Every structure is written in structure tokens, then in C-alpha cells.
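Visitor: Just dropping this structure here.
The values are calculated or read from the model by the stated rules, or taken from the named source; none is laboratory data. Here the structure is a predicted model, which is why all the values come from computation and not from measurement. Surface accessibility is based on the protein's heavy atoms, side chains included, excluding ligands, DNA and RNA. Shrake-Rupley method; radii C 1.70, N 1.55, O 1.52, S 1.80 Å.
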Amino acid sequence: QVQLVESGGGLVQAGGSLRLACVASVSLFSSYAMNWYRQAPGKERELVARVLSGGSTTYADSVKGRFTISRDDAKNTVYLQMNSLKPEDTAVYYCAAGIFRLHWGQGTQVTVSS
């Protein structure tokens, strides 16, 4: 069973930064692809960033150059550093483990004020 707990969300002004963290209770964490998704009100959930077990990363076009995903396999933790935040980044951010079969965290709210 995979359990994921996110933290680090909050309210920030446009242009500010936040760092999200997701701690996974799972064996062989290092073998999992780890993801950050987000869902804004009235919109579908979208993939924001992914880091593979080997460390390769991919990003949604909307966050490239502003967000950075990283992982610390010794701590079973994945991070999302979010810089230059915009009001359109406001959403619930979810950590997810895997690719084809996803295990989800409970989400953390990020609100960016203009």
C-alpha cells in the first residue's frame, strides 16, 4: 500500500515562491515515478511535473522555467519548488506515485493572489 502526504501549500502573492513536499510510505520508493498534479476549480486535473526513478524530469509547458521537481530517495520525498507564481497557478496540488496506475495523496491548496 502506498501512502502519500503532501505539505507546503498556502497563500502567496504573485511573484512569490512555495515549496511543496510529499513524503511516501512505501517500500522501494526509488523505483517509482513521482508526479505533481494540480486541479483548479472547474478544470480537469493536469500533470504539472514528473520525475522518473532515474531522475529524468518533464514539465507542463505552463510551468517550465518556474517550477522544479526533485526527489530525495533517502527520505522517500519528492519536492516541487514553485517560483514566480501566478494567480493561474492557484489549485489543489496532488502528489502521485506511478505512471499507469497512480497512487494519490490528499492534496494541498496553493492560492496565489494578484
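Visitor: For SER31 and SER70, calculate 0.36 nm times their separation in residues minus their Cα-Cα distance, and state this gained length in nm to one decimal.
Guide: Computed gain between SER31 and SER70 is 12.6 nm.
Visitor: So what is the relative contact order for region 20-107, in percent, with contacts set as C-alpha pairs under 8 Å and at least six apart?
Guide: Worked out over region 20-107, it gives 33 percent.
Visitor: Per residue, how large is the accessible surface of the chain? Use a 1.4 angstrom probe and give square angstrom.
Guide: That works out to 53 Å² per residue.
Visitor: Compute the separation of the alpha-carbon centres of region 47-114 and region 9-39 and state it in Å as a whole number.
Guide: Taking the Cα centre of region 9-39 as reference, the centre of region 47-114 is 5 Å away.
Visitor: Let me ask something else about it. Could you please state how large a percent of the accessible area of the chain is carbon and sulfur, counting protein chains only and using a 1.4 Å probe?
Guide: 49
Visitor: Can you give the percent of C-alpha pairs in the chain whose distance is more than 17 Å?
Guide: Distances greater than 17 Å cover 49 percent of the Cα pairs.
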